[in-house]
Amino acid sequence: MPTETFEFQVEARQLLQMMIHSIYSNKDVFLRELISNASDALDKLRIEALRDDSLNADVDDLHIEIETDQEARTLTVRDNGIGMSRDEVVRLIGTIAKSGTAELLAKLQEAKDASSAEGLIGQFGVGFYASFMVADEVTLVTRAAGETEGTRWTSTGEGGYTVETVADPPQGTAVTLRLKPEDTEDQLFDYVSPWKIREIVKRYSDFITWPIRMAVERPAPAPAQEAEDAEGAEGADDAAAAEQAPPEPETLNSMKALWARSRDEVSDEEYHELYKHISHDWTDPLETIQLRAEGTFEYQSLLFIPSHAPHDLFSQANKRGVQLYVKRVFIMEDCEALVPDYLRFVKGVVDAQDLSLNVSREILQQDRQIQLMRRRLVKKVLSTIKEMMTKREENYATFWREFGRVVKEGLLNDYDNRDAILKVCSFATTRDKEKLTTLQEYVERMKDGQQHIYYMTGESRTAVENSPHLEAFQARGLEVLILTDPVDEVWVGSVPEFDGKQLRSIAQGEAELESEEETGEETKAERERQQAEFAELLGWLTERLKDEVKEVRLSSRLTVSPACVVTDAGDVTPALQNLYRAMGQ
Ligand code: ADP
Ligand code: MG
């Protein structure tokens with residue numbers, strides 16, 4: 001096939017412009033991204049080869065290789081993993097499939113200063129395009145496992161890229177960066193220096209489970225420093241032999257599984273880098289959770305709670321981020337059997353000792369041990385959230401802002417943990433405009449004689465505050481929870497009580513408010529008098545409005561507004577009607 005020239009997709013082009021003009025200050029992360037992709041490609045090949053033994057691929061020595069050329073000022077990251085077909089190169093490298101790209105770019109345009117722009121990019125994670133922070137030209141040569149022809153992709157990051165067919169490149173992918181000249185001056189950015197590469201790999205990619213090798217080019221005579229580092233390489237003392245024999249490649253990473261090590265051996269930074277590899281996020285997680293079990297069903301797990309919600313948290317495409325390993329070997333990502341939907345934001349690794357290496361998703365769903373494990377993971381995540389709530393309030397506040405809406409979905413179907421979930425929920429309240437409240441706090445503040453937990457659902461705080469329903473409650477000093485997330489409409493109907501108190505919508509029925517007060521003989525008589533006085537009017541209104549409402553009655557709940565519409569307990573509330581309408585029902 002001839003060389004073809006393509007334009008980048010609009011979003012890709014905009015993002016590339018930002019990379020070229022380096023709005024992200026920590027350029028070292030480009031290498032982490034390339035290694036992360038290489039590692040994913042090796043995982044994929046290993047699994048594909050297990051699944052399909054007719055696949056004509058070499059899986060004997062899966063590894064990552066880094067090569068630098070001081071003279072040409074190039075850096076190459078090579079893997080012998082799954083590779084990409086020509087079509088895949090165009091689809092995967094020329095476009096950004098990530099949802100939320102358009103919104104991100106819009107926000108970036110509005111970003112007032114460099115640091116807020118950097119924060120946004122960090123939350124998004126740029127991946128392969130990060131190469132253009134340090135390179136003025138990037139070439140990718142790849143051959144998909146099982147195919148004979150390969151593809152070369154080249155771009156300067158401006159405008160477009162070219163794609164051509166290559167006769168017989170090695171299996172896997174090699175990405176070569178031609179480094180920008182300005183980075184040479186500064187030793188810190190000297191990405192052709194083996195010393196610098198070693199440092200970056202150690203810092204960001206030490207836990208990668210595949211060997212990351214670098215053949216250190218040794219000019220003869222070898223400098224003492226490097227001869228020492230290449231321990232085990234023979235003939236270091238014999239300059240002539242060293243020049244002829246290919247330099248012994250050095251493995252840069254320890255490949256240690258962080259989840260198998262005890263917590264005091266591992267730094268927070270190491271945990272965070274593992275998180276970034278798994279989640280493709282560039283920002284640190286909020287919480288790191290370690291979990292292990294010994295005995296008949298042994299497993300180790302490291303889970304993370306991110307510090308921000310992904311852009312696609314509410315889309316079907318959103319993947320759960322828990323990876324399954326069996327005895328240190330990667331088995332699958334997005335293991336839905338391990339985490340319920342409402343904890344889909346949790347990222348991490350579960351490494352089980354006693355599962356078969358070719359276990360399938362279907363088997364996992366049925367497996368009793370997996371179900372026990374899942375139950376424990378859920379409890380542990382919920383207890384960690386509880387702990388944040390009491391010990392790390394700021395983290396909890398961030399957590400709730402980002403993920404509260406998702407957690408509340410659990411109230412709908414996780415009956416076993418309903419109480420635990422209710423305990424980690426916070427709600428807006430009429431009591432305080434700024435501060436959220438827990439149900440526990442609400443219950444502790446309940447007035448003498450108050451029997452129920454009152455709430456009102458609505459589109460916004462203002463909508464609820466302006467509702468006539470609220471008047472009587474405000475007048476009596478009764479606190480009302482303000483629920484404005486769409487999911488609130490649904491769960492309130494399925495949660496009967498908290499701490500023995502029923503949850504009651506103030507927009508439903510009329511009896512309960514009265515029952516909160518002593519209805520003395522006098523008020524009763526007065527009520528009857530009014531009833532008689534207005535009977536004719538009420539009858540007339542009921543008749544006139546019979547297509548609109550069930551009944552028109554006198555109310556004691558209003559103090560300012562002349563009238564309000566209420567629904568009977570059990571009826572569909574107006575907000576729920578809206579929700580159903582939005583869902584097309
Ligand atoms: P992400 O890793 O978050 O998907 P990237 O921009 O890093 O985003 O990579 C985009 C896609 O390109 C990857 O999902 C993968 O399909 C493909 N890709 C990148 N590097 C490699 C590689 N070394 N081998 C095979 N595929 C790769
Ligand atoms: Mg990537």
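No lab work stands behind these numbers, since they all come straight from the coordinates. Just so we're clear, the structure is a prediction, and the values are computed from it rather than from any experiment. Every residue, glycine as well, gets a Cβ built from its backbone with ideal geometry; the counts of neighbours run over all protein chains shown.
Shape descriptor for the range 28-161: Rg over Rh equals 1.01 (Cα atoms; Rh from the Kirkwood inverse mean 1/r). Residue-wise HN-Hα couplings along the range 298-308, as the Karplus relation 6.51 cos²θ - 1.76 cosθ + 1.60 with θ = phi - 60° gives them from phi, are 8, 7, 10, 8, 10, 10, 10, 9, x, 9, 8 Hz; Gly and Pro carry x. Legend: translational diffusion of the chain by Stokes-Einstein, Rh = Kirkwood radius over C-alpha pairs, 37 °C, 0.692 mPa s; D = 116 µm²/s.
Membrane-span-like helices of the chain, defined as complete DSSP H segments with a Cα extent of 30 Å or more along the helix axis and a mean Kyte hydropathy of at least -1.0, are identified as 29-51, 368-391. Placing dummy labels 7 Å off each Cα toward the beta-carbon, the span from E465 to A245 is 7.8 nm.
Note on L55 and E294: the model spin-label points, each 7 Å out from Cα along the C-beta direction, lie 3.7 nm apart.
Taking the Cα centre of the chain as reference, the dipole from Cβ charges on Lys and Arg (+1) and Asp and Glu (-1) amounts to some 1520 debye. A DSSP coil position with no more than 15 other Cβ atoms inside 10 Å describes the following trypsin sites (Lys or Arg not before Pro) in the range 440-497: K447, R476. Total lysine pairs in the range 104-203 at Cα distances under 30 Å, for residues eight or more apart or on different chains: 4. For the pair E137 and E149 in one chain, pulling the backbone fully straight at 0.36 nm per residue adds 2.0 nm over the alpha carbon distance.
Please sort by residue number the chymotrypsin sites (Phe, Trp or Tyr not before Pro) in the range 401-481 whose DSSP state is loop and whose Cβ has at most 13 other Cβ atoms within 10 Å. Kindly include the intermediate steps, with their values, before the conclusion.
Working: sites: F403, Y415, F427, Y442, Y454, Y455, F473; in loops: Y415.
Taking the range 401-481 and a limit of 13 other Cβ atoms within 10 Å, the loop chymotrypsin sites (Phe, Trp or Tyr not before Pro) found are Y415.
Working note: 222 nm ellipticity from helices only, DSSP H runs with n ≥ 4, each -39,500 (n - 2.57), summed and divided by the residues of the chain, gives -11000 deg cm²/dmol to the nearest 500. Taking a spot 7 Å from the Cα of D416 along the direction of its beta carbon, which residues of the range 376-403 have an amide N less than 16 Å from it? In the range 376-403, the label zone of D416 (backbone N under 16 Å from the point 7 Å along Cα→Cβ) covers 376-383. Taking θ as phi - 60° and the Karplus parameters 6.51, -1.76 and 1.60, the scalar couplings of the range 412-417 work out to 6, 9, 9, 4, 4, 9 Hz in sequence order, x denoting glycine and proline. If you find the alpha carbon centre of the range 89-114 and of the range 325-385, how far apart are they in angstrom? After rounding, the separation between the Cα centres reads 31 Å.
Pairs of Lys residues in the range 337-437 that lie 8 or more places apart, or on two chains, and have C-alpha atoms under 20 angstrom apart add up to 18.
Expressed in units of 2.2 N^0.38 Å, where N is the residue count, the Cα radius of gyration of the range 238-391 is 1.24.
Working from Cα pairs under 8 Å separated by at least six residues, relative contact order for the chain is 10 percent.
Extending 7 Å from the Cα toward the beta-carbon at both E88 and E497 defines two label points whose distance is 5.8 nm. Protection proxy ranking of 16-26, 122-132, by the mean of other Cβ atoms within 10 Å over each peptide's residues and highest first, is 122-132, 16-26. Once you reduce the range 277-323 and the range 27-50 to the center of their Cα atoms, the two points are 18 Å from each other.
With R₀ set to 45 Å, the beta-carbon distance separating E71 from N358 gives a calculated FRET efficiency near 0.45.
How large is the charge dipole for the range 265-386, taken about the Cα centre, if only the Cβ atoms of Lys, Arg (+1) and Asp, Glu (-1) carry charge, to the nearest 20 debye? Don't skip to the answer; put the middle values down first.
Numbers: 16 positive and 19 negative charges, 114 e Å.
In total the dipole reaches around 540 debye.
Highest-first packing order for the peptide set 344-354, 87-97, 281-291 is 344-354, 281-291, 87-97, based on the mean count of other beta carbon atoms within 10 Å.
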